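The values are calculated or read from the model by the stated rules, or taken from the named source; none is laboratory data. Note that the coordinates shown come from a computational prediction; the quantities given were computed from them, not determined experimentally. All Cβ positions, glycine included, derive from the backbone under ideal geometry; neighbour counts span all protein chains shown.
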Amino acid sequence: MRHLFAYGTLRWSLLPEAYRPAISHEVTRPPVSATPLWNEEQFPELLRAVSQRLQYAGSGRVRGRLYDLGPYPAAVVDPQADSDILGDVYWLPPDPAVLVSLDAYEDYDARYPERSLFRRVPVQVRLDDGRTIECWMYVYNRDLGDAVIIPEGDYVAYRRWNAASPGRSLPPAV
């Protein structure tokens, strides 16, 4: 598989500018801008080389629900859901070391998927231009407890709203 669907901390606009993947020349609409999650010094060492090997290929959506777990979101894919998870699609280079690094960042172990925090699964992503492509996606692999659903399934907008509205837990439904 040649693409990754990123809905949380790996969204293009949340990465430090120096580590944002290049934007494909085929992209007609640039990613939404936001305040990065990390400054350059805080950016995880594991992701520094990997992020520069990805290429932003556009935005898309997957049927399901997105939850706020505090430091990161959790996705639950559900084709029957009446909501979408919004995210960025990256082109993956053919080097298997890229997926190995992403797996480590997401705490996914293909040998023991049941023990992993996230599982890497294939999903159908509906791109903003209407096409559908198959991508890898990391889905949450634990009990959600009392995690709060992120309205509209958009982690970037949710973080922006929380930054502008400290002390309030949920943005209004749109």
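Worth a mention:
- Residues satisfying the stated conditions in the stretch 96-125, i.e. loosely packed, with under 15 Cβ neighbours inside 10 Å, touching a residue at least 24 places away in the same chain (Cβ under 8 Å) and of a type in the set (D, E, K, R): E114
Listed here are the residues, each with its yes/no results for (1) among the β-branched types (V, I, T); (2) out of contact with any Pro (no Cβ under 7 Å at 6 or more places or on another chain); (3) under 20 Å from L46 (Cβ atoms); (4) at pLDDT 95 or above.
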position: V98; (1), (2), (3), (4): yes, yes, yes, yes
position: D109; (1), (2), (3), (4): no, yes, yes, yes
position: V123; (1), (2), (3), (4): yes, yes, no, yes
position: D129; (1), (2), (3), (4): no, yes, no, no
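- Answer residue from the stretch 150-174, given it is surrounded by 14 or more Cβ atoms within 10 Å (Cβ to Cβ) and either of a type in the set (K, R) or in contact with a Lys or Arg (Cβ under 6 Å, 6 or more places away or on another chain) (or both) and is modelled with the highest pLDDT among those: V156
- Inter-residue pairs, beta-carbon under 6 Å, first in contact (Cβ under 8 Å) with a residue 12 or more places away in the chain and in the stretch 3-24, second in a loop (DSSP other than H, G, I, E, B) and aromatic (F, W, Y), 6+ apart: G8/Y72; T9/Y72; P16/W38; P16/F43; Y19/F43
- Positions within the stretch 42-55 being crowded, with 20+ Cβ neighbours inside 10 Å and touching a Phe, Trp or Tyr at 6+ places or on another chain (Cβ under 7 Å), in sequence order: L47, S51, L54
- Filtered by the rule that a residue be β-branched (V, I, T) and part of a strand (DSSP E or B), the stretch 1-54 gives a lone residue, I23.
- Being touching a Ser or Thr at 6+ places or on another chain (Cβ under 9 Å), of a type in the set (D, E) and outside any strand (DSSP E or B) holds for only one residue in D88, D103, D82, and it is D103.
- Pairs, first free of Cβ contacts under 8 Å to residues at least 40 places away in the same chain in the stretch 53-77, second hydroxyl-bearing (S, T, Y) and part of a strand (DSSP E or B), C-beta under 9 Å, six or more apart: Q55/Y90
- One residue stands out among those in the stretch 3-41 that are over 25 Å from Y67 (Cβ atoms) and hydroxyl-bearing (S, T, Y): the one that is surrounded by the most Cβ atoms within 10 Å (Cβ to Cβ), which is Y19.
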